[in-house]
There are 2 protein chains.
Amino acid sequence: MADGLTVGEVADKTGLTAYTLRWYEQVGLLDPIPRDHAGRRRYRLRDVERLDLLTKMRATGMPVREMVRYVALVRAGTHNRRERLELLEQHRTTVLRQISELQRDLAVIDRKITRYRGHLHAEQTD
Amino acid sequence: MADGLTVGEVADKTGLTAYTLRWYEQVGLLDPIPRDHAGRRRYRLRDVERLDLLTKMRATGMPVREMVRYVALVRAGTHNRRERLELLEQHRTTVLRQISELQRDLAVIDRKITRYRGHLHAEQTD
DNA sequence: CTCGCAGTTAGAGCACACTCGAAGTCAAGC
DNA sequence: GCTTGACTTCGAGTGTGCTCTAACTGCGAG
């Protein structure tokens, strides 16, 4: 058929729903997706590539609002690469902090687990 | 004054707001907090200790619904320690997966960062 | 005694990120 | 030619986790 993927195909590929893909376009995360003669979206390679980065940003907790800001920079041209870089580096720092907080908090939970294991072991040997 | 901490003091200590503390009690994450003669909450040590675990659970992404389930087990007595342990171990697994997904997703973002650094370096040396 | 602040309640409101319903169009298979 | 199913739009609805408003009470400082 026509080239480009349908919304359903992209949904399968990215793990997002078709609803979400249309919504992403609406809020400005995707440039307007070209349509076939029947008005149906046909996602190009570059749209799917963009989604690849976007889903990683979301999965690491970047708010949609900030992703929109990044995409706006991309759309604005190549002169702001430094700003884009700063945004990504900032996020990188945030994610690293996030990971180490998870590890720290998990340690508290682990101590609790150890305690329960102790209780159960004591019961067993009574 | 009376012993036990006020809601404001506990808010400061835990980083939660007073609103959230009252809401936690309302949804069953905290047992009813005893009141002083004027009807004001006085949090006991064990309430604060419970909050210490609860905030770690939340911070690692456990849904409130599941925390409520855990607290219900605690309230039900000591005979279900195995069930509590299983719940915590399950969560532990979830958090570990979460961490490694963050690391995997961050790698994609890191590649993008590297690309931008390359661009900027090229510009510089032109 | 008055002021100001911290607390109380019930219930409403909010931010975020989707998620869905309704009503319609189109293309391909039987 | 009719049905099926994937697509379209627009706007409304949902789940989660708080967050706040309004109206009120009561303690402690000056």
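Miscellaneous remarks
- Of everything in the range B:46-70 that is among the hydrophobic types (A, V, I, L, M, F, W, C) and more than 13 Å from DNA strand D (Cβ to nearest atom), the residue that is farthest from B:PRO32 (Cα to Cα) is B:LEU53.
- Restricting attention to the range A:15-68, the residues that are free of Cβ contacts under 8 Å to residues at least 12 places away in the same chain and among the aromatic types (Phe, Trp, Tyr) total 2.
- All positions within the range B:113-125 that are out of contact with any Lys or Arg (no Cβ under 9 Å at 6 or more places or on another chain) and open to solvent by less than 100 Å² (accessible area, probe 1.4 Å): B:THR114, B:GLY118, B:ALA122, B:THR125
- Flag for B:GLU89 being more than 9 Å from every other protein chain (Cβ to nearest Cβ) and in a helix (DSSP H, G or I): no
- Criterion: part of a loop (DSSP other than H, G, I, E, B) and of a type in the set (D, E, K, R) - qualifying residue of A:ASP31, A:ASP110, A:ASP47, A:ASP12: A:ASP31
- Count of residues meeting criterion [open to solvent by less than 40 Å² (accessible area, probe 1.4 Å), within 11 Å of DNA strand C (Cβ to nearest atom) and either more than 23 Å from A:GLN98 (Cβ to Cβ) or within 13 Å of another protein chain (Cβ to nearest Cβ) (or both)] in the range A:40-68: 5
- Residue ID - surrounded by the most Cβ atoms within 10 Å (Cβ to Cβ), chosen from residues in the range A:1-10 that are under 18 Å from A:PRO32 (Cα atoms) and at pLDDT below 95: A:GLY4
Quick grid of which residues meet (1) closer than 22 Å to A:ARG115 by Cβ; (2) surrounded by 14 or more Cβ atoms within 10 Å (Cβ to Cβ); (3) facing chain A (nearest Cβ under 9 Å); (4) within 16 Å of DNA strand C (Cβ to nearest atom):
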{"position": "B:ASP12", "(1), (2), (3), (4)": "no, no, no, yes"}
{"position": "B:LEU21", "(1), (2), (3), (4)": "no, yes, no, yes"}
{"position": "B:GLY28", "(1), (2), (3), (4)": "no, yes, no, yes"}
{"position": "B:ILE33", "(1), (2), (3), (4)": "no, yes, no, yes"}
{"position": "B:TYR70", "(1), (2), (3), (4)": "yes, yes, no, no"}
{"position": "B:HIS79", "(1), (2), (3), (4)": "yes, no, no, no"}
{"position": "B:ILE99", "(1), (2), (3), (4)": "no, yes, yes, no"}
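The values are calculated or read from the model by the stated rules, or taken from the named source; none is laboratory data. Treat the numbers as computed from the prediction; the structure is a model and nothing was measured. Cβ coordinates were reconstructed from backbone atoms using ideal geometry, including for glycine residues, and neighbour counts include every protein chain displayed. Calculation scope for accessible area: heavy atoms of the full protein, side chains included, ligands and nucleic acids excluded. Shrake-Rupley method; radii C 1.70, N 1.55, O 1.52, S 1.80 Å.
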